[in-house]
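Since the structure comes first, as structure tokens, the remarks are kept for the end.
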Amino acid sequence: KCFINVQPNECKSLAAMPSLSPSEASVVKFTPSPYYSNNFCGVTRADATIFCDRPCRRGLNSECAANEKCYMNIQQSECGILSPSFSPTSPNGNGIAFSPAPSNNFCGESRADALKLCDKPCLNGLNSECALNERCFTDILPNECDAAFRVTDAPSSQPTVTSDKCILLEPDIDASRRFVSTFDGGEPTFGNMFDIVATKSIFIKEMDLHVNNVGMTEIEIYHTCCGLATHSIVKRHPTAWRLAGSKKVNGKGLGMLTPLPSDAFEPICIDLGSSKGFYITATEGKYLDHSPGGVTGDVFKSNDDLSMIIGVGKRYWLLNDQYDRIANLSIRYSVLEEEKSVTYPSLPAISFSTPAYSRRGRFMIAIFLFCSCLHVLAIL
């Protein structure tokens, strides 16, 4: 049965339930963790600033519901009196710190996806409030949201480099090693997500991509932040991705390697025994080629230093998933080798048959013998 008019103080199992005013008592709402943005969705700019609760972090209309647009560069002072309370601007300058409007309804590709972050509310419970490939899932309770996936993009609290070996491996070391997945192609795509698992500490410095477009093409390179080791749990969550770099490259066309400039992205460190998710995408069209095959999550190829995990094809930006797709690329990287011990040639040992002498006595005898040898050499 459906039981209506349940009051907040009747909910016994939700210890973290906030206290609500009587006017809010018909729905037990909660507010997810804060995020950062200056770009928000709305039917108009005025609508976007009423709550400042529907971020479009990349500034794209495709991040908003079908009847909305993305309005950019919204300042904290513009957000209306109906908006949630704000924190100061984010410490890394990425925008306003805001909390989405209290809700029990959240967007996602599936209910499990909606529960990962509970960060995209659909206040009225309508699918039209969500992105094109998402639905609105209703009656989500606070204890259903998985805190393990709740991340922000503030690097001060979650550094990307998490090990001594990554710190010791200087980024300016030459990228003398190369890993090639495949350049068989077979299908155009905007981009790909995949994982790299490191069996040695590595710095990824340069890449070659399979750009099927002949001419200038803008490429963006992302990796997972905040200790996240795989793309598979954050395929639709912008705050989980850190932009390593973007660059316009001169595409060489189908079947050819298109090298990214050496300054296209910041070096990316992966410590031995750990992994990172990667998202490499063109921004303006299906200008990359990938290869259908394998099974998403399986190892596609390995060498002594790293393994590449089969991922998904993606439409820009973070939209749709084409499973069982192999990114076409080569990676140039450097490896932190284990410190090698130095072996010196052995010298003949000098022994004394004077065990009764103290350490000081033996030292004095050695000095006396040494001086005697010098004296003999001087006479000769």
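Every number in this text was worked out from the coordinates using simple rules, so none of it is lab data. Computed from a prediction, not measured in an experiment: that's the story for all the values here. So basically every Cβ, Gly included, is an ideal-geometry build from the backbone, and we count neighbours across all protein chains shown.
List of remarks:
- Annotation: amide H of Asp324 within the under-5 Å range of Thr296, sequence separation 5 or more or interchain, hydrogens built in the peptide plane.
- Three-way shape label, region 229-321, alpha-carbon gyration tensor, a/c 1.5: rounded
- Converting phi to 3J(HN,Hα) with the Karplus coefficients 6.51, -1.76 and 1.60 and the offset θ = phi - 60°, region 304-320 yields 6, 10, 7, 10, 10, 9, 4, x, 9, x, 9, 8, 6, 10, 6, 9, 6 Hz in sequence order, with x at every glycine or proline.
- Proximal charge balance of Val180 [Cβ under 14 Å; K/R count +1, D/E count -1]: 0
- Taking a ≥ b ≥ c as the square roots of the eigenvalues of the alpha-carbon gyration tensor, region 185-279 is classed prolate because a/c is 1.5 or more and a/b outweighs b/c.
- Mean projected area of the convex hull spanned by the Cα atoms of region 203-255, taken over all viewing directions: 4.7 nm².
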